[in-house]
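Visitor: Here it is: the structure, laid out below.
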Amino acid sequence: MAAMRISSLLSCSLSYSSLLPKGRFCGVGRVVSGYSTSAGIENPINPSIKVHCTQLLINGNFVDSASGKTFPTYDPRTGDVIAHVAEGDAEDIDRAVCAAREAFDEGPWPKMTAYERSKVLFRFADLLDKHIEELATLESHMDVDKLAFTGSSETGKIVLELASKSNLKPVTLELGGKSPFIVCKDADVNKAVELAHFALLFNQGQCCSAGSRAYVHEDVHDEFIEKAEARALKRSVGDPFKAGVEQGPQIDSEQFEKILRYIRSGIESGAILITGGDRLGSKDFYIQPTVFANVKEDMLIAQDEIFGPVQSILKFRDMDEVIRRANSTRYGLAAGVFTNDLDTANTLSGALKVGTVWINCYDVFDAAIPFGGYKMSGQGREKGVHCLSNYLQVKAIVAPLKNPAWI
């Protein structure tokens, strides 16, 4: 429903063009039949967005950095520097435009991903002029009483260390993940393939809860691989401003190169590259939807958070085995279970060491549902009534009573 509601808003400020016919690309190790690719890879749309500020918004005013230095922001569709950074003045305060800016800078699909983020930006931007404090470093600041951080597990450790060295401020961490997506033998394979495809490739795989490890029961394993390949080849990759595009570019060159290194690592470690494995285009940050089979737990592609469009498929035989293997990672953010058997769903959801288990669905979020992880995926919860405890402290108040009634 969200995508339907915002499509009319986007059509007011963005123009779309039709897709070109399917092209043909050669993946590493085998020839693939072709990806559905958009002409936007070579000829991207330049959205008409007014952006003209290269300063920082501090204490309600735009100011230069203390060092006077700036850094370039790149259009991930082309690899070119974006000439200006959005200021967001009054005439530009429109959620559709904000969503377009997010897609322009980061590459997500503006109809959903960027628009949903823009709602969060608008909510907290509205609070800035009411609650803003002048800050030097948040983690070490003695006047900051609580900190919430979302990012990598490595950076989360640094945040915790700095907080402990200052005023022992409580810290909520929402960190990385390597979420298992378990397809049981009774699953509807067609539905499981489509859901696993979405679970991995939402936002180009740049999602902390991405279902990047697909554990598939041996009875349906071969069928799943065949259909997962077909779905990956069907995926439309291109300029996120163009109609029908499902996957945009990765956020920047650093992440782009990191993903390609993981793909090479998968090949070198013995995983079977089913499809994908290479870039799309010549100078931008598009990557083919990539599917690996014969993946083992000791491979980097099965252990590390890749944050990209790389699906690892692992075969399993029974419940005890998949529970042990699914839990054999340092992360514990989320998991997906695809089964028609209630007992199987209950057993797996209770045994998996993760903060969220989605059964026959994935990436379903709501303000009432707490979200957070186990192990190296973080501590504390966001959203839901449980998140309030992160921002509260218990106080005991004791006073004598004169002539208490119960004595």
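The values are calculated or read from the model by the stated rules, or taken from the named source; none is laboratory data. All values derive from a computational prediction rather than experimental measurement. When we count neighbours, we look across all protein chains shown, and the Cβ atoms used for this are built from the backbone with ideal geometry, even at glycine. Just so you know, the surface numbers come from the protein's heavy atoms only, side chains and all, with ligands and any DNA or RNA stripped out. Shrake-Rupley method; radii C 1.70, N 1.55, O 1.52, S 1.80 Å.
Visitor: Suppose we keep only residues that are more than 20 Å from the chain's Cα centre (by Cα), hydrophobic (A, V, I, L, M, F, W, C) and more than 24 Å from residue 199 (Cβ to Cβ) within the stretch 148-184. Which one would you say is most open to solvent (accessible area, probe 1.4 Å)?
Guide: 168
Visitor: Between residues in the stretch 316-327 that are in the same structural domain as residue 213 (by the TED database) and at positive phi and residues that are β-branched (Val, Ile, Thr) and part of a loop (DSSP other than H, G, I, E, B), which pairs lie under 6 Å by C-beta distance while being six or more apart or on different chains?
Guide: none
Visitor: With respect to residue 81, determine if the residue is of a type in the set (A, V, I, L, M) and either at pLDDT below 65 or open to solvent by 80 Å² or more (accessible area, probe 1.4 Å) (or both).
Guide: yes
Residue-wise test of (1) over 18 Å from the mean Cα position of the chain (by Cα); (2) more than 30 Å from residue 257 (Cα to Cα); (3) part of a loop (DSSP other than H, G, I, E, B).
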{"position": "313", "(1), (2), (3)": "yes, no, no"}
{"position": "362", "(1), (2), (3)": "no, no, yes"}
{"position": "365", "(1), (2), (3)": "no, yes, yes"}
{"position": "387", "(1), (2), (3)": "yes, yes, no"}
{"position": "390", "(1), (2), (3)": "yes, yes, no"}
{"position": "394", "(1), (2), (3)": "yes, yes, yes"}
{"position": "403", "(1), (2), (3)": "yes, yes, yes"}
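Visitor: What pairs can you find where one residue is in the stretch 228-239 and without any contact (Cβ under 8 Å) to a residue 40 or more places away in the chain, the other is outside any strand (DSSP E or B) and open to solvent by less than 30 Å² (accessible area, probe 1.4 Å), and their Cβ atoms are less than 9 Å apart, with a gap of 6+ or different chains?
Guide: Qualifying pairs under 9 Å: 230/193; 231/193; 231/196; 231/197; 231/289.
Visitor: Do we have any residue at all in the stretch 210-223 that's open to solvent by 20 Å² or more (accessible area, probe 1.4 Å) and of a type in the set (A, V, I, L, M)?
Guide: Looking for residues that are open to solvent by 20 Å² or more (accessible area, probe 1.4 Å) and of a type in the set (A, V, I, L, M), one finds none in the stretch 210-223, hence no.
Visitor: In the stretch 256-303, what count of residues is obtained for those that are of a type in the set (Gly, Ala, Ser), assigned to a loop (DSSP other than H, G, I, E, B) and open to solvent by less than 60 Å² (accessible area, probe 1.4 Å)? So that I can check it myself, show each step before the final result.
Guide: Filtering the stretch 256-303 down to residues of a type in the set (Gly, Ala, Ser) leaves 265-266, 269-271, 276-277, 281-282, 293, 302.
Restricting the remaining residues to those that are assigned to a loop (DSSP other than H, G, I, E, B) gives 269-271, 276-277, 281-282.
This time we only want the ones that are open to solvent by less than 60 Å² (accessible area, probe 1.4 Å), so: 269-271, 276-277, 281.
Residues in the stretch 256-303 being of a type in the set (Gly, Ala, Ser), assigned to a loop (DSSP other than H, G, I, E, B) and open to solvent by less than 60 Å² (accessible area, probe 1.4 Å): 6 in total.
Visitor: Within the stretch 341-349, can one find any residue that is farther than 16 Å from residue 216 by Cα and in contact with a helix residue (DSSP H, G or I) (Cβ under 8 Å, 6 or more places away or on another chain)?
Guide: yes
Visitor: So, residue 335, is that one open to solvent by less than 50 Å² (accessible area, probe 1.4 Å), among the hydrophobic types (A, V, I, L, M, F, W, C) and not in a strand (DSSP E or B) or not?
Guide: Judged against the criteria, residue 335 is not a match.
Visitor: If I filter the stretch 109-162 down to residues being over 27 Å from residue 61 (Cβ atoms) and of a type in the set (Phe, Trp, Tyr), which single residue comes out as modelled with the lowest pLDDT?
Guide: Checking each candidate, the answer is 115.
Visitor: Take residue 360 and tell me if it is in the same structural domain as residue 205 (by the TED database) and on the phi > 0 side of the Ramachandran plot.
Guide: Details: in the same structural domain as residue 205 (by the TED database): yes; on the phi > 0 side of the Ramachandran plot: yes.
In short, yes.
Visitor: Of the numbered conditions (1) in a loop (DSSP other than H, G, I, E, B); (2) open to solvent by less than 10 Å² (accessible area, probe 1.4 Å), residue 199 fails exactly one; give the number of that condition.
Guide: Unmet condition: (1).
Visitor: Answer yes or no as to whether residue 240 is farther than 25 Å from residue 153 by Cα and buried (at least 21 other Cβ atoms within 10 Å of the Cβ).
Guide: The answer is yes for residue 240.
Visitor: Okay, moving on. Between a residue in the stretch 373-399 that is aliphatic (A, V, I, L, M) and any residue that is assigned to a loop (DSSP other than H, G, I, E, B) and open to solvent by 70 Å² or more (accessible area, probe 1.4 Å), which pairs come within a Cβ distance under 9 Å, given they are 6 or more apart or on different chains?
Guide: Every condition considered, the pairs that remain are 376/330; 385/368.
Visitor: Criterion first (over 25 Å from residue 284 (Cα atoms), at pLDDT 95 or above and either assigned by the TED database to the domain that holds residue 74 or in a strand (DSSP E or B) (or both)) does residue 192 satisfy it?
Guide: So residue 192 does not fit the description; no.
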